[in-house]
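Here is the structure we will look at.
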Amino acid sequence: MNRMEANIFPIANLKDLATRYRSYRVRGLSPSSPDFFKNRDFIIRRLSSSLKAPVDIYEMGGDVFLVVPEDAPDLPTDLMMVRAGVRLDPIPGIQILDYTNRNPDTDRICTRFINFLVQGPLHSKLSLWQPHSGGAFFEKSPAEVINGIGRYEGFTVRALIMGDGGIGLCVDMTSCFVDEKPLPARIGRQEFRKYKGRHAVYRFGHQWYDIALFERHDFKVNEYSFPDEGKMVSLAEYIEAKSRKPIPPELAQLDPEGAVVVYLDRQSNERGVPAALCYLTHDTESKEVRDSHRRTIMRPDIRHAKITEMCKRHLQAIKLGSTAIRLSPTPVEIPRQVFPMPDLLFGNDVRLSATGTKGARNVSLQDFGKARADSLSDPNAGFFSQSRLDRQYLFLPKTVADSWGARFIGDLVNAVEALYPHGGYEPDPVIYNDVGVGRTFPDQANAILAAARAACLQPGFATVMVHDVQRHGRGAHDELEAAVLREFWKLTPAIRASVLHTKTGTASYEQYADRSGDPAYRVRADRRSKFSGYIRNVALSKVLLTNEKWPFVLTDPLHADLTIGIDVKNHTVGYAVVSEGGRTVRLHCEASRQREKLLSSQIKSQLEQIIRAEFNDLGRSIGSIVIHRDGRAFPEECAGAAEAIEALRIEGVLRADATLTILNISKTERSMLRMFDVKDHGGRAARIDNPPVGQYYISGSDAYLSTTGLPFARPGTSKPLHVGYVLGGITFKDCLEDVYRLSVLAWGRPDDCSRLPITIKLVDRALGDEATEYDEDALKYGTSPGRERA
C-alpha cells in the first residue's frame, strides 16, 4: 500500500483542550497606519517576553483587540510604540477559546497559544536546550564530535491547521555546531579580539542559550557584581543561586579568577558571563564544520525516522494548561495530489512532453530533466529565443589576461555558441589593471569602473570577472559584485552586467609548452569534467540569461493572464512580469521609501504603469492578474493593488470581469513542513522517498507545493514551497498549479528542478543587481577594511 505523509502529528484530543483568556481593546493602534504591523509585532514580542505568556493581536470590525491567557499578569494601561502611544482597555469577562470551533480570526490565536504553551514543558526538560526563545530545541548530548566540534541534533515544532480542520504539531529535524571546549577560562584581552562578534552557547547552569560576544570585561569572575532584587551580588553567587540543583560540574569547578566576557541583551544592556562557560558556535557555511554539515542533509527515510523518534521522546507528555495533549504517534496521511508536468516549447516549435502529447517529443518523467537540457544543444530545437545578441563586453583582470585569459575567452565563446549558435557572440575584451592594486572592494571596483568608462562607449551587456575580496561579516554579500552591477547601470550609456570570479579559472587552468615550445594554457586533466559544467553554466547564466535570451517557455497558457513577482529589499522594489507562458518577461526596479514593504499609493501607481505597458504590447484587454509576493503581502500593498485593478478596469486596460489574486511565496520557514512518499512492503520496513514534483497539500489559505522531488535526484529531503492565499480572484488550486508550472522554467539549471517559480527567481536576480548594499563612500573615497580572503 502506498500513501503520502506529512511531518504533522495530529492532536487527537483537541475537543478536550480549552483556554480561558482575557481581551483588551487596543486604542491608538490604527490598521491604516504605516507602522501598524511594526507596532503590532513589537507589542506582541514585548508583552510575551515580560508576561511569560502568549499574546496575540487581531482585527475585527475595524477595531484592534489583544488577548492573553486568564492567568497572565495584569497588563499596563499605556504602552509607547513607534511614533505612537496606545492604551489597553480591558473588556469585562473571561472568554473560552474552543480549539474545535474556530474561524479565521481565532485560528491564529489558537496556533499561537499552542506554540507558546508547548515551549514551557520542553524548556524545563534537562535533556534539552534552546538557543533562542521560540526557536529549535536541541538535545544536550552531541550526535557526534568531529575535530573538537559537536554536532547537536534537535527539532523545531509549530502548531499548524490541517486540511481536515484539525490542529497538529509540525515537527522537523535540525542541527547546530558547538565547540566541545569552552573559551579559555583566563582569556586575555588581546586573545579575545578574534572572538569578538562571534556567537557562543552560554551554559548558565542547566540552562543553555546563545549569546553574541561583545567585549572582555576588566573584572574577574569574583570581582564582577551587579544589583539583583535590591542588593549587589557577585556573578558566581548569582549563577550558583539561580541554577537548578544539583549544579553541573563546569559550574562547580568555576575558576573565581577567570575572565568575564560581555554580551548585550535585547535592551542593549551589558551582561557579564564567565568565559569558561562560553562555547563557540559555528554556522553551516564555516569551513570548520564542512564535513559534519553533510550529515545534516538527511535522506527522507532517515529524517522521517528521526522526526518520529523525537516526537515519541519529547512531545508525548506535553500539557496545555492542566490537560495533557494526546499526540498521534504517527504522522498524518495526506491526499496524493500531483499536478502534471507541463509541456515546454523550444526553438523551431519543438515541443517537449512528459504526458504523451501528440506531435511532441515524448519522454518519461524520469528523463524529463535530461531531455530539457539536451534540447538546448540540439540544432533542431535550441533556445526558444533566437534573436542575435547585442554588443558584448568581457572584463578580465590584467593578471588573468596575461595568463589564461585568452584560453578562457576561447572556451567561453565555444560554450555560448554551442548553446546559442545564431547569436553571434563575439565579446570585446576589456582589460582592467589589477597589478599592484589592493585586493579590497574599493580598489578593485574603481579599477574596473575606470576601464568601463574608457571602453564602454556603446550600449550593451558585460560579463565581468573579479577577484574574491574580503566580505564584511560571515555570510555577508559580496560588495564588489554589488558595486559592479549597480555602478554599471549608472554609466553612460548604461550597461547591464553579470559577475563571475577568478577562483574556478585559477584552479582549472595550467601552463604547458605547446608544439612550438611556447607557453600556453589548458584545462587540467583532473578538472575537465567539472570545468565543462562550469563554463556551460557561465554561458547560460552569466551571458544568455543576462541578455534575456530565454531557453524554453510553457506551451500552454497559465490560468492567469498576467503574473507579477514582487519583492522589496534595501529600499528597492523589484517586479518580474510574466505573460504568455514565459514568452514575454519584463523586469522593473525602482527606489522605494520603505525598506521592506510598499505604500498603498506606490504600488497602485507602479502596477498601473506596468499593466498599461503590457496592455499596449498585447494589444488587448487583460483579464486575471496574479501577484506573487516574495515573503508577505502587507495589507497596504493589497489595498493599493486592488485600487490599481479597479482604476484599470475603468480605463479599459483590464476587462470588466478582470480579477486580482495575491499569493505569499515563503522561501524559508522556521518549522518546515515535509512530505514523504511511503510505500509499504508487506512485513518489511516501508520504503520512504521524497514526493514527486507537483505534489501539493492545501490547508485553508495555506498550501505546500513540492517543486523539488522525484524524479530529480538531490541529496536530502525536499522542501515544499509554502504558498499563502491572501486575496482570491481565481481558485487557490489554479494559482498553485501556475506556481508549479512557472517553477518548471528552470532556466538556470535545465537538467534539474527549481524550488521557486521564475517570477520569484527573476525578481531575486533583479534585486541582486539593484538592491544589494555596498559601501558607496568606500568606493568613492577608496577606504575599506577589506582584505583578500585566504
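The values are calculated or read from the model by the stated rules, or taken from the named source; none is laboratory data. Since this is a predicted model, take the numbers as computed values, not measurements. Cβ: placed from backbone, ideal geometry, glycine included. Neighbour counts: every protein chain shown. Quick note on the areas: whole protein, heavy atoms, side chains included, nothing else; ligands and nucleic acids left out. Shrake-Rupley method; radii C 1.70, N 1.55, O 1.52, S 1.80 Å.
To the nearest 10 degrees, how steep is helix 300-314 against the longest Cα principal axis of the chain, on a 0 to 90 scale? The helix 300-314 is inclined about 10 degrees to the chain. Between 0 and 90 degrees, the angle of helix 441-455 with respect to the longest Cα principal axis of the chain falls at about 30 degrees. Its residue count N fixes a reference of 2.2 N^0.38 Å for the range 516-656, and the Cα radius of gyration divided by that reference is 1.45. Toward the positive end of the charge dipole of the chain, with +1 on the Cβ of Lys and Arg and -1 on the Cβ of Asp and Glu, the farthest Cα among Gly581, Ala360, Thr506 is that of Thr506. Can you find, among Leu721, Asn2, Val763, the residue farthest towards the positive end of the dipole of the chain? Put +1 on the C-beta of Lys and Arg, -1 on that of Asp and Glu. Result: Asn2. For the listed residue pairs Lys38/Lys569; Lys287/Lys398; Lys196/Lys667, the alpha carbons are over 21 angstrom apart in Lys287/Lys398; Lys196/Lys667.
Determine which lysines satisfy two conditions relative to Lys231: a Cα distance under 18 Å, and not lying fewer than 8 residues away in the same chain. Here the lysines satisfying the reach criterion relative to Lys231 are Lys242.
Charging the Cβ of each Asp and Glu at -1 and of each Lys and Arg at +1, and nothing else, the dipole of the chain about its Cα centre rounds to 1300 debye. Taking only alpha carbon atoms, the range 153-199 gives an Rg to Rh ratio of 1.36, where Rh is the Kirkwood radius. First check a/c for the range 80-146, with a ≥ b ≥ c the square roots of the eigenvalues of its C-alpha gyration tensor; if it is under 1.5, answer rounded, and if not, answer prolate when a/b is larger than b/c or oblate otherwise. Judged from the Cα gyration tensor, the range 80-146 comes out prolate (a/c at least 1.5, a/b above b/c). Using only Cα coordinates, the Kirkwood hydrodynamic radius of the range 1-104 works out to 15.6 Å.
Taking a ≥ b ≥ c as the square roots of the eigenvalues of the alpha carbon gyration tensor, the range 272-407 is oblate, as a/c is not under 1.5 and a/b does not beat b/c. Over all projection directions, the Cα-based convex hull of the chain averages an area of 40.1 nm². In terms of its C-alpha gyration tensor, the range 204-289 comes out prolate, because a/c is 1.5 or above and the ratio a/b outweighs b/c. Here is the list for the range 173-247: GluC sites (Glu not before Pro) lying in DSSP coil, each with at most 15 other C-beta atoms within 10 angstrom of its C-beta, are Glu180, Glu223, Glu229. Heavy-atom surface analysis with a 1.4 Å probe gives the range 335-437 a carbon and sulfur content of 49 percent of its accessible area. May I ask which of Lys125/Lys245; Lys140/Lys306; Lys549/Lys733 have a Cα-Cα span longer than 20 Å here? Going by Cα-Cα distance, Lys549/Lys733 fall outside the 20 Å limit.
Partner aspartates and glutamates whose Cα lies under 16 Å from the Cα of Lys530, excluding those fewer than 8 positions away in the same chain, are identified as Asp411, Glu510, Asp751.
Positive end of the dipole of the range 456-611 (Cβ unit charges, origin at the Cα centre): among Gln606, Ser516, Asn570, the Cα lying farthest that way belongs to Ser516.
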